[in-house]
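Everything below concerns the one structure shown next.
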2 protein chains.
Amino acid sequence: MKLLEDRIRKDGIIGEGNVLKVDSFLNHQMDIALIDELAAEFHRLFKDCGVTKILTIEASGIGIACLTAKYFGVPMVFAKKSKTKNIAGDIYTAKVESFTHGTVYDVMVSKKFLNSSDKVLIIDDFLANGQALLGLTKIVKDAGAATVGCGIVIEKAFQDGGKIIREQGIRVESLARIKEMSVQNGAVFCD
Amino acid sequence: MKLLEDRIRKDGIIGEGNVLKVDSFLNHQMDIALIDELAAEFHRLFKDCGVTKILTIEASGIGIACLTAKYFGVPMVFAKKSKTKNIAGDIYTAKVESFTHGTVYDVMVSKKFLNSSDKVLIIDDFLANGQALLGLTKIVKDAGAATVGCGIVIEKAFQDGGKIIREQGIRVESLARIKEMSVQNGAVFCD
């Protein structure tokens with residue numbers, strides 16, 4: 001999506017170690033006009049899939065998921081992160097490994113909010129190694145529901161996540177796919 | 001706001017210790033149609049205040065703040081929570097005590113996203129003891145910006161937070177104000 005790629009080129013800040021900071025418009029300050037355009041695009045891409053629920057994970061996915069859910073006219077559910085060891089029986093849960101932080105955390109969704117008739121569109125701001133997304137697709141599966149696809153704002157296509165998810169037969173639509181990036185040359189997008 | 005009060009009566013679950021669970025429509029699953037009505041009401045209440053920025057705190061405030069920002073046509077900033085001790089110099093920060101969890105955490109906003117010309121509307125889902133809101137108003141003050149008001153979805157008016165904030169001369173508009181609540185009698189709202 002050209003609008004987004006242009007914005008990443010203009011305002012994204014690339015650091016060492018494949019860090020891409022987009023905190024001026026996506027995940028600290030949010031440019032709502034831009035994000036609403038992204039939400040409209042997710043709707044255009046998935047509008048014929050019978051989506052009944054939008055699923056994301058706290059915290060930075062919530063805004064984009066919320067605006068997307070408004071276009072679909074369906075509820076949004078955000079999975080909660082926790083380091084809690086003792087988990088009650090009325091929730092779906094998945095373990096997610098964060099390579100960035102070197103930690104493992106639990107992702108949780110109450111069983112009340114996903115059921116076997118749901119067709120779920122998963123929305124998130126970033127796709128890199130795909131661990132969070134795998135956790136969400138596991139939760140949808142555990143609920144007996146169907147994942148109709150994943151809508152991602154920025155995919156780091158040079159990392160494995162997108163490949164892993166797509167190899168499971170899940171449709172992934174990323175609005176910007178970064179092929180490579182460096183402090184020297186900036187971000188290069190996939191065709 | 002009758003729509004919200006009715007929904008709290010219908011779907012809110014009251015537990016011992018003044019716990020009110022609204023996770024079926026507000027802070028786990030989000031009923032976007034309802035929340036969009038709340039956002040429109042915040043806009044109606046504050047539309048003449050020259051708001052330049054919406055400020056909230058992760059995670060559950062993000063959705064309502066996002067939809068509110070869309071009505072105002074301004075960016076939204078969400079403050080981040082952290083237990084980090086070492087804090088870089090380019091952020092505004094405040095310490096917030098969580099009575100619920102018995103912990104103290106830092107709230108942080110990058111200095112890039114608040115400046116002295118900003119007129120800030122603070123949005124949050126709950127107001128109880130007001131500690132998080134006080135942290136946000138301190139951050140706005142540290143930035144030299146003005147807090148034009150606070151838009152709260154549910155105020156537990158039997159706790160001190162609302163009083164403390166209002167005594168500082170800050171306008172607080174809560175869409176539902178709970179005077180008292182109990183497992184036996186449910187929620188009673190202020191007139």
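For the reader, a short list of remarks on this structure follows.
- Heavy atoms of chains A and B lose about 2600 Å² of accessible surface on contact, summed over both sides with a 1.4 Å probe.
- The orientation-averaged shadow of the Cα convex hull for chain A, equal to a quarter of the hull surface, comes to 10.5 nm².
- Protein accessible area in the protein assembly as shown, 1.4 Å probe - carbon and sulfur %: 48
- Tensor-based shape of segment B:87-172 (alpha-carbon gyration tensor, a/c under 1.5 rounded, otherwise prolate or oblate): oblate
- Neighbourhood net charge (13 Å Cβ-Cβ; Lys/Arg +1, Asp/Glu -1) for B:Met76: -4
- Copies compared at B:Arg171 - label distances in nm, ascending, label defined 7 Å from Cα in the Cβ direction: 4.6
- Close amide H contacts of B:Lys53 (hydrogens built in the peptide plane, cut-off under 5 Å, sequence separation of 5 or more or a different chain): B:Lys119, B:Leu121.
- Each residue of segment A:143-151 is assigned a 3J(HN,Hα), and the resulting list reads 7, x, 8, 10, 8, 7, x, 10, x Hz, derived from the Karplus form 6.51 cos²θ - 1.76 cosθ + 1.60 (θ = phi - 60°), x at Gly and Pro.
- Per residue, the protein assembly as shown exposes an accessible area of 44 Å² to a 1.4 Å probe, with every protein chain left in place.
- Within the shell defined by Cβ-Cβ distances under 9 Å, the residues around B:Leu67 carry a net charge of +1, with Lys and Arg each +1 and Asp and Glu each -1.
- Members of segment A:27-61 that become less accessible by 40 Å² or more once partner protein chains are added (1.4 angstrom probe, chain alone as reference): A:His28, A:Gln29, A:Met30, A:Ile32, A:Ala59
- Taking a sphere under 15 Å around the Cβ of A:Ile154 and counting the other residues whose Cβ falls inside, with K and R at +1 and D and E at -1, yields a net charge of -4.
- Max mean-square fluctuation residue, GNM over chain A, Cα-Cα springs under 10 Å, options A:Glu180, A:Glu41, A:Glu167: A:Glu167
- For segment B:150-191, the share of alpha carbon pairs falling in successive 10 Å distance bins from zero is 30, 52, 15, 2 percent.
- Each Cα pair under 8 Å and six or more residues apart adds its sequence gap; the mean of these over the residue count of chain A is a relative contact order of 19 percent.
- Using a 7 Å Cα-to-Cβ projection, B:Gly186 label spacings across copies, nm, ascending: 5.9
- Loop-located trypsin sites (Lys or Arg not before Pro) in segment A:48-151 (DSSP state not H, G, I, E or B) with no more than 13 neighbouring Cβ atoms inside 10 Å: A:Lys83, A:Lys85.
- Ratio of the Cα radius of gyration of segment B:12-52 to 2.2 N^0.38 Å, where N counts its residues: 1.56
- GNM flexibility winner over chain A from A:Phe46, A:Phe78, A:Phe99 (Cα, springs under 10 Å): A:Phe99
- Built amide H within the under 5 Å cut-off of B:Val172, gap 5+: B:Cys150
- With the convex hull of its Cα atoms as the shape, segment A:32-101 has an orientation-averaged projected area of 6.3 nm².
- Residue-by-residue Karplus 3J(HN,Hα) for segment B:53-61, coefficients 6.51, -1.76, 1.60, Hz, glycine and proline x: 7, 9, 10, 9, 10, 5, 9, 6, x
- What the Cα convex hull of the protein assembly as shown gives, in volume per residue, is 145 Å³.
- In this simple spin-label approximation, A:Arg171 and B:Cys190 carry label points 7 Å from Cα along the Cα→Cβ vector, and these lie 4.9 nm apart.
- Along segment B:130-142 the Karplus relation, 6.51 cos²θ - 1.76 cosθ + 1.60 evaluated at θ = phi - 60°, assigns HN-Hα couplings of x, 5, 5, 5, 4, x, 5, 5, 4, 4, 4, 5, 4 Hz to successive residues, with x for each Gly and Pro.
- Square roots of five times the Cα gyration tensor eigenvalues for segment B:1-74, Å: 25, 14, 11
The values are calculated or read from the model by the stated rules, or taken from the named source; none is laboratory data. As the structure is a computational prediction, the values presented were derived from the model and not from experiment. Positions of Cβ are generated from backbone atoms using ideal geometry, with glycine treated the same way; all protein chains shown enter the neighbour counts. Areas reflect the complete protein model, heavy atoms only, side chains present, ligands, DNA and RNA absent. Shrake-Rupley method; radii C 1.70, N 1.55, O 1.52, S 1.80 Å.
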